[in-house]
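Worksheet: one structure, shown below.
Every number in this text was worked out from the coordinates using simple rules, so none of it is lab data. All of these numbers come straight from a predicted model, not from anything done at the bench. With ideal geometry, Cβ positions are generated from the backbone for all residues, glycine too; neighbour counts draw on all protein chains shown.
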Amino acid sequence: MYNESMFKRRFLMSRRLFLRIMESVQQHDNYFVQKVNALGRPRLYPYQKITAAIRIIAYGMASDSMDEYIKIGESDAIESLKRFSWAMVEVFGDRYLRSPNDEDIERILLIGKQRGFQGMLGSLDCMYWKWKNCPTGWAGQYAGHSGKPTIISEAVADYEL
């Protein structure tokens, strides 16, 4: 398997967090527990199903591209994504997928004040930059509202709870 720094680079989360998510999802939905087929051979591993779902969500990857990277078919990747999404909402929704309460807001504002951003809960700013040296083959893909290739720079100011 990967060492911790390689794992963080590849999955953009710690191995401990990934395993916590996997265990919680497995306990919630039996689909993510490894089973054997009629011949007694193991079916897809939970790692494959959860990695496919996370990569589709995080990187916007196509479900049919999972076959090359994770060795999981398109229909299994789609089913994993659906079940993973529902499991995440049902397992973690009450704690992490909710609007902040008064206590959360107070804590966020205090952290912001200590860091010099008094009164700010979160901020998102976008800036369009003209891409002068855009490769010709990519020009149409990056053409903005002006018809010229542009890159969008996003700056997010928020705090971890």
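A few remarks follow.
- Gain on full extension, evaluated as 0.36 nm per residue between Asp102 and Glu4 minus their Cα-Cα distance, stands at 31.7 nm.
- For segment 102-157, the square roots a ≥ b ≥ c of the C-alpha gyration tensor eigenvalues yield an a/c of 1.5 or more together with a/b exceeding b/c, which makes the shape prolate.
- Three-way shape call for segment 4-96 based on the alpha-carbon gyration tensor, with the a/c threshold at 1.5: rounded
- Solvent-free Debye scattering, log10 I(q)/I(0), computed from the Cα coordinates of segment 1-157 at q = 0.09, 0.11 Å⁻¹: -0.50, -0.71
- From its DSSP helices (H runs of at least four residues, each -39,500 (n - 2.57)), the chain gives a residue-normalised ellipticity at 222 nm of -15000 deg cm²/dmol.
- The length gained by stretching the chain between Cys126 and Leu17 to full extension, at 0.36 nm per residue less their Cα-Cα distance, is 36.2 nm.
- Projecting the Cα atoms of Gly147, Ile108, Asn133 onto the dipole axis of segment 21-161, where Lys and Arg carry +1 and Asp and Glu carry -1 at the beta carbon, places Asn133 farthest toward the positive end.
- Length released on extending from Asp67 to Arg95, taking residue separation times 0.36 nm less the Cα-Cα span: 6.7 nm
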